[in-house]
1. GNM, the chain, Cα, under 10 Å: largest mean-square fluctuation among TYR27, TYR141, TYR212?
2. For the chain, what size does the Cα cloud have along each of its three principal axes, sorted from largest down, in whole Å?
3. To one decimal place, what orientation-averaged projected area in nm² is obtained for the convex hull of the Cα set of the stretch 3-126?
4. At 0.36 nm per residue, minus the direct Cα-Cα distance, what do THR195 and MET1 gain on full extension? Give it in nm, one decimal, please.
5. Which of PRO128, PRO15, PRO147 moves the most in a Gaussian network model of the chain with Cα springs under 10 Å?
6. Got a sec? Charge dipole of the chain, +1 on Cβ for Lys and Arg, -1 for Asp and Glu; which of SER56, VAL125, VAL148 is way out at the positive end?
7. Note down the magnitude of the dipole of the chain about its Cα centre, charges +1 on Lys and Arg C-beta and -1 on Asp and Glu C-beta and zero elsewhere, to the nearest 20 debye.
8. Please give the helix 105-119 orientation as an angle from the longest Cα principal axis of the chain, in degrees from 0 to 90, rounded to the nearest 10.
Amino acid sequence: MSEILLFSAGLDSFPAWHYLGKPRTLYFDSGHYGRQQEIDTVQALAAAHGMDLEISNELDLSRWATPQGDLIPFRNVLFAMLAAFRAEVIWCVGVKGDHTADKSPEAFARMSEMLSTFVDRPIRVDSPFWNMTKSDIVAWYLKSGLPVNHLLQTFSCATPGSAFTHCGRCPSCLRRWIALTNNDITGHFAAPPWTWDRIRTYYVPAMASGGYPPHRVEEFHRAMATVGALP
Ligand SMILES: [Zn+2]
């Protein structure tokens, strides 16, 4: 059965490529904000590691993007539909606790059902990491003997600036920093993520009031403790 991995430039999809036995990968250049840095990163990763990578521009979603560069709603449904032309098993990386409308175990089950009906053969949309947090994924990567410097070639920042720089001031950088720190890896950030204002003004109160699953709170506190920044 043919498989394909929807590849992003981020911290999860590179370990996923190893975890799944190096399947074909597909990156959608959908015209979104910050895509050039992602394209540069996926091309560099593919060249360095012999990945079978397709960069597709068949889907231009730029008219649906917001000026804030927010994620395009239900884009994963569109990605899965186009991936179904190519493979029966479509891996799209979600992690433990993800629950956005288009990225959760339930959402992927619905996509699988819908696509199987229309394509008229069994299609499975799934993530290999529903039972793992980002910190768990990095821990698995290290335990498998894979090199730290390769992992640090990934790109996770939602506020792209100069090439390959992580701002340290966005939710993506914060999650990256937590996963790396909890595995004793020093990431490179333009500003220390643990000093970001939003930690005090948003994350700490939101976590205290139950707005995050317990495993996310635990990982956040564990990382903050290592830099003595516990609130
Ligand atoms: Zn950032």
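1. The residue that fluctuates most here is TYR212.
2. Principal extents (largest minus smallest coordinate, Cα): 55, 39, 38 Å.
3. Result: a mean projected hull area of 7.5 nm².
4. That works out to 65.1 nm of additional length.
5. Fluctuation is largest for PRO147.
6. The listed residue farthest towards the positive side: VAL148.
7. 480
8. 20
Each value in this text was obtained by applying a stated rule to the coordinates, not by laboratory testing. The structure displayed is predicted, hence computed values, not measured ones. Please note: Cβ atoms are built from the backbone with ideal geometry, for glycine as well, and neighbour counts cover all protein chains shown.
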